[in-house]
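Visitor: Okay, here's the structure, questions in a sec.
What follows is calculated from the coordinates using simple rules that are stated; it is not laboratory data. Keep in mind it's a predicted model, so treat the numbers as computed, not measured. Neighbour counts are summed over all protein chains in view; Cβ atoms, including those assigned to glycine, are modelled from backbone coordinates with ideal geometry.
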Amino acid sequence: MVFLWSIVQVGDNNTCMFVVERVARGHRYLYLVESVREGKVVRQRTIKALGRKDALAASGELDRLAASIARHAERSIILSDIDDGKITAHRIGGPLLFGRLWQRLGVDAVLAEVLAGRGFGFDVERAVFVAMLHRLFVSGSDRACTDWMKSYAIDGVEDLALHHFYRAMAWLGEEIEEKAEGALAPRCVKDVIEEKLFDRRRDLFTDLSLVFMDTTSLSFYGAGGDTLGRRGHSKDHRPELAQMILAVVIDAQGRPICTEMVPGNTADVKVLLPIVTRLRTRFGITRSCVVADRGMISADTIAALEKLGMEYILGARERSSSVIRDVVLNDTAPMVPLVLERQAGETQLWVKEVRVGSGKDTQRYIVTLNEAEAKKDKADRQAIIDGLQAQLKKGDKALVGNSAYRRYLKASGKSFEIDLGKLADEARFDGISVLRTNARITPLQAVIRYRDLLQVEALFRVAKASFDTRPIFHQSDAAIRGHVFVSFLALTLAKELTRLCQDKGFQPEWQPLLNDLDRLQQATIEKDGKAITTRTHVTGDVGNVFKAVGIALPANIAEQPAT
């Protein structure tokens, strides 16, 4: 018995009908049968004998039967043709989901407002949206956008060409004011967009009393524009390439606020103050607390922040600060355990507050001890010492060139030996981190806020990995700024999606979600004077994500008169 095809499935999945082929007296016969589940047993009942297969085929009855059934199974036929590559389908998941978020955040309205009076001759908003969507799904350079978008059902992009994307990027990074004295970067179109997007979500309860900032470097394959591309300390580990420094500022809820892009030879310590100063004027900040890592701390920076009346929580350099080495870490007050909710894999944290000086000159430090990090630091150091002892037995003086080894060595005549004093001094820092703050908050609050800085670091990992801002091939500062700003828009939409999903009590994995969105496809065929449109089945978390964002899935199948 051979099953030819399934005709229809009815009821509660306990009953279905199909056509079977049976051989009798040397001929093949077709029967319409019914399969019925009775408890755990499935039984088949013949509903009708259709006749000899060869006779049905010769008379055309078999084709007419198939055509009659097909009229009621257009979706199955279309989906089968999509799988076989006979019909070109377009991906609809990404455009639907992120198109709604684009509108929800008002990005389309803001771009239209900023574009008012500009005659580009093409839809700039659509070009920016496609570039943002491309950055989310496959990333890479803007060169690939034109071919990539043909696989997606995106309204209003039919006439976009490669040069339109280049012009759109250059417009986003276009300078609208000369660089002010002391500023790191000129005011650009993208700055206006950031401010208007923030204004759209501002209400009586919106403020920037707490902001987080971190920096990274982005390398170029090429000169890197007129001023941005410079040699500097490469966090990309590509010192042979020119680079720029990218700073991202987020609010207390982890939502991106703005970006700042400066030449690649700008030290982190010189970035914080100019950006904070711009924040006050751009977003109307009256009171704020800035959280940043140890790379941005200096005596001049702290003095300037205090002069501006701003609060700060800054990571301190434990080893290079004589105040921390000689005073803070020598404080004899006991540490107390921090009472906070620990995530998987975390260990107990211990904390104490140390004040140095008196009156207006008082410096406030928060010292924390992470037990797990202390054990790791000790084990890592011991591994280095074990390797160093093995090398010393060989008399290899060249090991002094190894920075990991050199810090534990001292000269002894014409040879080297392990410096036990340095070992003891280094052990003082095992698992220790120190914060410098003037904020009127408890040590627990300071530690929690500094831990929240990890949100920015996570954003950078997403920007470089998932959204892959690199490689950057643009040749002008304006186009480079626009290219990076598109990644900022992608981060903004991704954060909003994460927030909406968390509000519904779930958190989808990012890459599997993108894969499932790409599997949601739609195709249209014309048949009997009708245009029949159907979509593929929903997989993974797509259904839940659409509900969280407030999107109705397209109908399984829809008909309208053919045009």
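Visitor: Going by average Cβ neighbours within 10 Å, how do the peptides 299-311, 225-237 rank, with the highest at the top?
Guide: Answer by packing, highest mean first, reads 225-237, 299-311.
Visitor: While we're here: What ranking do 320-330, 175-185 get when scored by the average of other Cβ atoms within 10 Å per residue, highest first?
Guide: Ranked from most to least packed, the peptides come out as 320-330, 175-185.
Visitor: While we're on this one: Do the alpha carbons of any pairs in Lys190/Lys547; Lys150/Lys495; Lys376/Lys422 sit beyond 23 Å of each other, and which pairs? The partial results should precede the final answer.
Guide: Working: Lys190/Lys547 31 Å; Lys150/Lys495 27 Å; Lys376/Lys422 18 Å.
The answer is Lys190/Lys547; Lys150/Lys495.
Visitor: Treating only the Cβ atoms of Lys and Arg (+1) and Asp and Glu (-1) as charged, compute the dipole magnitude of region 520-561 about its Cα centre; round to the nearest 20 debye.
Guide: 60
Visitor: Filter the GluC sites (Glu not before Pro) in region 188-277 to those in DSSP coil with at most 13 other Cβ atoms within 10 Å of their Cβ, and list the result.
Guide: Glu240
Visitor: Taking the Cβ of each residue in Tyr221, Tyr365 as the centre, tally the other Cβ atoms inside 10 Å and list the residues starting with the fewest.
Guide: Going from sparsest to densest Cβ surroundings: Tyr221, Tyr365.
Visitor: Moving on. Using the 10 angstrom Cβ neighbour count as an exposure proxy, how do Thr534, Thr277 rank, fewest first?
Guide: Arranged by neighbour count, lowest to highest, Thr534, Thr277 become Thr277, Thr534.
Visitor: Let me ask another. Filter the cross-link list Lys270/Lys378; Lys196/Lys307; Lys270/Lys352; Lys352/Lys375; Lys179/Lys360 down to pairs whose alpha-carbon distance in this structure exceeds 24 Å.
Guide: The pairs that break the limit, which is 24 Å between Cα atoms, are Lys270/Lys378; Lys196/Lys307; Lys270/Lys352; Lys179/Lys360.
Visitor: Give me Ser358, Ser59, Ser219 sorted ascending by neighbouring Cβ count inside 10 Å, so fewest comes first.
Guide: If I rank by nearby Cβ atoms, fewest first, I get Ser358, Ser59, Ser219.
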